[in-house]
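This report concerns only the one structure given below.
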Amino acid sequence: MSLRFLIDENVRHEVSDFLKQNHDIKILPAGTKDDAIAAVADAERRVLVTHDLDFANIFLYPPSKYAGIIILRILPPTAAIIIQALTNLLTVLPEDQYSGKLIILEPGGFRIWKE
């Protein structure tokens, strides 16, 4: 089984290429508004991967409504560090544990907020 990801336009293409190796990914056109991104993530049950902190607002985007939201909090956002952090997350957190969760991914690990 593999996860279904929706990759925000602000995520480096190297990260998308990495996820594409083992997972189903979708990238929306540049300039897609946050509400439209959220609607696709919800309708298609995709885990959203983004740097956009707007998606960390649990009142606008309640985690329980989504297949998962991963906020990349890695600065500077180098591809190698993001890929390493995602590899760790994907290794530690089973695929059935993303739904309904807001995951803050950092270089040294991750935090999970759930309702």
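Laboratory data are not the source of any read-out in this text; all were calculated from the coordinates shown. This structure is a prediction, so every number in the text was calculated from the model and none was measured. Cβ placement follows ideal geometry from the backbone for every residue including glycine, while neighbour counts extend to all protein chains displayed.
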### Query
Within the chain, which complete DSSP H helices have Cα atoms spanning at least 18 Å along the helix axis and a mean Kyte-Doolittle hydropathy of 1.0 or higher?
79-92
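Just want the ordering: F5, F110, F59, from fewest to most Cβ atoms lying within 10 Å of their own Cβ.
Ascending number of Cβ neighbours within 10 Å: F59, F110, F5.
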### Message
Distance between the C-alpha centers of region 47-115 and region 1-38? Whole Å please.
### Response
13 Å
### Task
Using the number of other C-beta atoms within 10 angstrom as an exposure proxy, rank S16, S64, S99 with the fewest first.
S64, S99, S16
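With +1 on each Lys and Arg Cβ and -1 on each Asp and Glu Cβ, and nothing else charged, work out how big the dipole of the chain is about its Cα centre, in Debye to the nearest 20. Mind showing how you got there, number by number?
Numbers: 12 positive and 15 negative charges, 36 e Å.
Roughly 180 debye, rounded to the nearest 20.
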### Message
Please compute the Kirkwood hydrodynamic radius over region 33-75, one decimal place, Å, based on all pairs of different Cα atoms.
### Response
10.4 Å
### Extended-chain gain in nm, criterion 0.36 nm per residue less alpha-carbon gap, S64 and K33
9.1 nm
### Message
Cut-off 10 angstrom, C-alpha nodes, Gaussian network model of the chain. Which of L75, L48, L19 fluctuates the most?
### Response
L75
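Averaging sequence separations of C-alpha pairs under 8 Å and six or more residues apart, then dividing by the length of the chain, give the relative contact order as a whole percent.
24 percent
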### Query
Gaussian network model of the chain, Cα springs within a sub-10 Å range: biggest mean-square fluctuation belongs to which of V49, V92, V11?
V92
### Query
For the chain, how big is Rg over Rh, using alpha carbon atoms and the Kirkwood form of Rh?
0.91
### Task
Run the quick spin-label model on T87 and N57: label points 7 Å from Cα toward the beta carbon, then report their separation in nm to one decimal.
3.6 nm
### Query
Picking from K33, K101, K65, which is most flexible by a Gaussian network model of the chain using Cα springs under 10 Å?
K33
### Computed [θ] at 222 nm, deg cm²/dmol, the chain (DSSP H ≥ 4; -39,500 (n - 2.57); rounded to nearest 500)
-8500 deg cm²/dmol
### Hypothetical label at W113: residues of region 43-61 whose amide nitrogen lies under 17 Å (7 Å Cα-Cβ projection)
48-61
